[in-house]
1. Within segment 4-37, count every residue that is assigned to a loop (DSSP other than H, G, I, E, B) and more than 9 Å from the ligand (Cβ to nearest atom).
2. State which residue pairs qualify: first residue more than 19 Å from K249 (Cα to Cα) and inside segment 195-212, second residue open to solvent by 90 Å² or more (accessible area, probe 1.4 Å) in any location, beta carbons under 6 Å apart, and separation of 6 or more residues or different chains.
3. For a quick check of your reading: which strands (runs of 3 or more DSSP E) sit entirely within segment 94-186 and have at least 2 residues that are on the phi > 0 side of the Ramachandran plot and open to solvent by 20 Å² or more (accessible area, probe 1.4 Å)?
4. Please specify each residue of segment 228-255 satisfying the condition of being within 21 Å of the chain's Cα centre (by Cα), open to solvent by less than 80 Å² (accessible area, probe 1.4 Å) and among the hydroxyl-bearing types (S, T, Y).
5. Of these, F73, F69, which one is of a type outside the set (V, I, T), open to solvent by less than 10 Å² (accessible area, probe 1.4 Å) and more than 16 Å from the ligand (Cβ to nearest atom)?
6. Of all residues in segment 115-144, which are more than 10 Å from the ligand (Cβ to nearest atom) and of a type in the set (A, V, I, L, M, F, W, C)?
7. Are any residues in segment 275-296 away from the ligand (no atom under 14 Å from the Cβ) and either of a type in the set (S, T, Y) or crowded, with 20+ Cβ neighbours inside 10 Å (or both), and if so, which ones?
8. Checking the conditions here, which among V161, V173 is within 30 Å of I55 (Cα to Cα) and in contact with a Pro (Cβ under 9 Å, 6 or more places away or on another chain)?
Amino acid sequence: MKIAIAGSGALGCGFGYMMQKGGNDVTLLDFWDEHINTIKENGLSVTVNGKEDTINISIGKPEEIKDTFDTIFIFTKSMGLRHMLEEIKHTLTEDTKVVCLLNGLGHANTISEYIPKKNIIMGTTVWTGGLDAPGKTHFMGEGPVEVQNSDENEEEGTRQVVQMMADCGLNGVYSSNVHFTTWRKACVNGTMNALCSLLDCNIKELFDVAQIDELNQGIVSEFSRVAETEGVTLDVEETINYLKGIAEKVGGHYPSMHQDLKNKRPTEIDFLNGMVAKESERRGFEAPYSKQITQLIHAKEDILGIK
Ligand code: NAD
């Protein structure tokens, strides 16, 4: 399959590496000069589940690319999605599938402004990654990568993408309700990411604080009420138990938003708690947790001088 990775940071490099090793023709697209030049000169170094490897892989800025692609995986941060969609317009054919595995809410609507519904594949991934230096990343997990076509009549092409990922060891799975999975993942990020970032602690330390049940209850209830308006039922108690299960497994982990702030990078808060606060306000619901968490994360970005 001819594949582009639009946004080749931590996850983009991990997915790109796995798919090229699996026999696909992969091109990385990015805007970060130092990262692009390092990969052009020295190859891409990826440590997958502790095993390091370096490969030669094609990389460039979207504007330099003359090719078109069968499938494009988008791996920008949420706030970079629209810009990337603008920049890759010329690489699309009428059949190019666009896969979005970003964290956050509202992305399907943004993508539908650029891509026909039949070509949009939405999903979530539990693989994780990090950037160690320009051209050097690590990637961890065993899947699954759950995806679903936005048009229920267009399963076939998406199943080919699922099979391709499975063949590359990425554990692709065709989901029957990716909308639910996306909202549930947003609850993970809206609680653990936001609170660990504000409290400067890891997940275990967060789940040991006396206030955690009340905080989780408040945040998840607000997410659940907005999800309901989109036809997604998120049971609050079940979701909180799901969060506790994750906390038990990965307690020592500092969530990615915490790492973004540490690296002085902007957070995705506007597409998580911020989106719930905005939607709640639009619909006349009270959402004090989401609103204040969003304000506090932005205040923290300001203190750190993050633009
Ligand atoms: P990332 O920050 O590593 O990369 C995103 C973009 O930012 C890339 O284009 C990258 O080149 C650029 N970038 C990163 N550091 C830069 C720097 N110092 N200077 C200039 N440009 C820089 O993002 P990611 O972690 O790969 O996440 C992509 C999406 O996937 C997000 O929506 C994220 O929430 C989601 N996600 C991430 C993980 C994870 O473990 N990283 C897990 C699940 C979902």
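1. 3
2. If the second residue must be open to solvent by 90 Å² or more (accessible area, probe 1.4 Å), the pairs left are L198/L296.
3. none
4. The one that is within 21 Å of the chain's Cα centre (by Cα), open to solvent by less than 80 Å² (accessible area, probe 1.4 Å) and among the hydroxyl-bearing types (S, T, Y): T239.
5. Being of a type outside the set (V, I, T), open to solvent by less than 10 Å² (accessible area, probe 1.4 Å) and more than 16 Å from the ligand (Cβ to nearest atom) holds for just one of F73, F69, which is F69.
6. So in segment 115-144, the residues more than 10 Å from the ligand (Cβ to nearest atom) come out as 115-123, 132, 135-136, 142-144.
Once the filter is applied, which keeps residues that are more than 10 Å from the ligand (Cβ to nearest atom) and of a type in the set (A, V, I, L, M, F, W, C), segment 115-144 yields I115, I120, I121, M122.
7. If we filter segment 275-296 for residues that are away from the ligand (no atom under 14 Å from the Cβ), which is where we start, we get 276-296.
Answer for segment 275-296, where residues must be away from the ligand (no atom under 14 Å from the Cβ) and either of a type in the set (S, T, Y) or crowded, with 20+ Cβ neighbours inside 10 Å (or both): V276, A277, E279, S280, A287, Y289, S290, I293, T294.
8. Numbers: V161 fails: in contact with a Pro (Cβ under 9 Å, 6 or more places away or on another chain).
On inspection, the qualifying residue turns out to be V173.
The values are calculated or read from the model by the stated rules, or taken from the named source; none is laboratory data. Because the structure is predicted, anything quoted here is derived from the model rather than measured. Virtual Cβ from ideal backbone geometry, glycine too; neighbours counted across all protein chains shown. Each accessible area value is taken on the protein alone, full model and side chains, heavy atoms only, with ligands, DNA and RNA left out. Shrake-Rupley method; radii C 1.70, N 1.55, O 1.52, S 1.80 Å.
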